[in-house]
1. Mind checking which pairs have a first residue in segment 111-131 that is touching a residue at least 40 places away in the same chain (Cβ under 8 Å) and crowded, with 18+ Cβ neighbours inside 10 Å and a second that is in a loop (DSSP other than H, G, I, E, B) and charged (D, E, K, R), Cβ under 8 Å, 6 or more apart or different chains?
2. So for segment 100-114 (the condition being polar (S, T, N, Q), within 25 Å of A32 (Cα to Cα) and not in a strand (DSSP E or B)), does at least one residue qualify?
3. So which residues in segment 28-72 are farther than 23 Å from E119 by Cα, at pLDDT below 95 and buried (at least 17 other Cβ atoms within 10 Å of the Cβ)?
4. Can you report the number of residues in segment 93-105 which are surrounded by fewer than 13 Cβ atoms within 10 Å (Cβ to Cβ) and more than 15 Å from S140 (Cβ to Cβ)?
5. Could you list, in sequence order, all residues of segment 96-132 that are of a type in the set (S, T, N, Q), more than 23 Å from G27 (Cα to Cα) and within 11 Å of the chain's Cα centre (by Cα)?
6. Can you spot a residue in segment 89-99 that is on the phi > 0 side of the Ramachandran plot and either in a loop (DSSP other than H, G, I, E, B) or polar (S, T, N, Q) (or both)?
7. All but one of (1) without any contact (Cβ under 8 Å) to a residue 40 or more places away in the chain; (2) closer than 18 Å to E35 by Cβ; (3) not charged (D, E, K, R) hold for M83; which doesn't?
8. Kindly evaluate A81 against the criterion of being outside any helix (DSSP H, G or I) and surrounded by 11 or more Cβ atoms within 10 Å (Cβ to Cβ).
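The values are calculated or read from the model by the stated rules, or taken from the named source; none is laboratory data. Predicted model, so just to flag it, every value in this text is computed and none were measured. Note: ideal-geometry Cβ built from the backbone for every residue, glycine included; neighbour counts use all protein chains shown.
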Amino acid sequence: MSKWAVALAISALLSGCASLPDKRQAGDTRAAEAEIRRLEEGWTTAFNNRDTRFMKDVMAPEYVLFSAGEPQGRNVTNRDAWMRVWLRQDSLPYEAKVLGVVVVGDTAVATLEARWRRESYLTDTWARRQGRWQLIFRHSAARRR
């Protein structure tokens, strides 16, 4: 699936959600955006420091990573498999820059540029549950030059 197809799918999802009644005020949305940015920065720090406690807390039990492009090819990984691979691999610096965050109710989508084994674009989908945000889905696509 191309990055444009993913972007269109997310836009369609969020457009549909936007028509639902939402009682949160604009200030709540800005606070949620700031929280997602903080969590994305926390992910980077936790990744590089091998902070399993943070990762287990922020990754939902049903977390899925869909990765497309070289060097990994295409694959789908769940949370437990991701944790095993992450902890076994040699430590490589991970860098990420949040490009944007869209919040609709208890769902947020963050887009990022990242570098780990390759330069990538990431799309993270977050869900707010019982007052805290958890990452439920990440799409990673190799950045084309």
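1. The qualifying pairs are S120/R143; Y121/R143.
2. No, that holds for no residue.
3. T29
4. Selection size over segment 93-105: 2.
5. Passing the criteria: only T123.
6. No, segment 89-99 has no match at all.
7. (2)
8. no
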